[in-house]
């Protein structure tokens, strides 16, 4: 489960940003996760709930925005979202190459 190491890295980033902004408390943390990143959102939330204990983000809520890879079919021209291990056009069945979907970043955080 690499979500634990991602949650730990996220917590380090949160602590650094909170210190720079002289925050007393982190209320909400928003992250963006691509559907091809290999990160399971529910597992990340579970790990985040563990690593935030005893930190400035102890009461913080983790909000996850999932974004999807898209692919342009060169055969029929359709642009469509693609899932993990599904790289064919839903209209014509031609093989497509996805773009995006590998995102994993801290979008923003709400502090006081």
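The values are calculated or read from the model by the stated rules, or taken from the named source; none is laboratory data. Note that this is a predicted model, so its numbers are computed, not measured. Glycine also receives a Cβ, built like all others from the backbone with ideal geometry; neighbour counts cover every protein chain displayed.
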- Only residues in the stretch 19-39 that are at positive phi and surrounded by fewer than 16 Cβ atoms within 10 Å (Cβ to Cβ) count as the first member; pair them with residues that are at pLDDT 95 or above and assigned to a loop (DSSP other than H, G, I, E, B), Cβ under 6 angstrom, at least 6 apart or cross-chain, and list the lot. none
- Item | Total residues in the stretch 87-100, condition more than 20 Å from the chain's Cα centre (by Cα) and either surrounded by fewer than 15 Cβ atoms within 10 Å (Cβ to Cβ) or within 29 Å of residue 5 (Cβ to Cβ) (or both) | 9
- Can you tell me how many residues in the stretch 66-80 are within 26 Å of residue 48 (Cβ to Cβ) and either at pLDDT 95 or above or in a strand (DSSP E or B) (or both)? 3
- Message: Name the single residue that is farthest from residue 97 (Cα to Cα) among those in the stretch 69-81 being buried (at least 16 other Cβ atoms within 10 Å of the Cβ) and touching a residue at least 24 places away in the same chain (Cβ under 8 Å).
- Response: 69
- The correct count of residues that are in a strand (DSSP E or B) and at pLDDT 90 or above in the stretch 82-110 is 9
- Going by the conditions given, is residue 103 within 19 Å of residue 3 (Cα to Cα) and either in contact with a helix residue (DSSP H, G or I) (Cβ under 6 Å, 6 or more places away or on another chain) or surrounded by 15 or more Cβ atoms within 10 Å (Cβ to Cβ) (or both)? yes
- Select from the stretch 47-65 the residues that are in contact with a helix residue (DSSP H, G or I) (Cβ under 7 Å, 6 or more places away or on another chain) and assigned to a helix (DSSP H, G or I) and write down the one among them that is surrounded by the fewest Cβ atoms within 10 Å (Cβ to Cβ). 51
- Would you check if there is a residue in the stretch 17-39 being part of a helix (DSSP H, G or I) and either within 30 Å of residue 87 (Cα to Cα) or in contact with a strand residue (DSSP E or B) (Cβ under 7 Å, 6 or more places away or on another chain) (or both)? yes
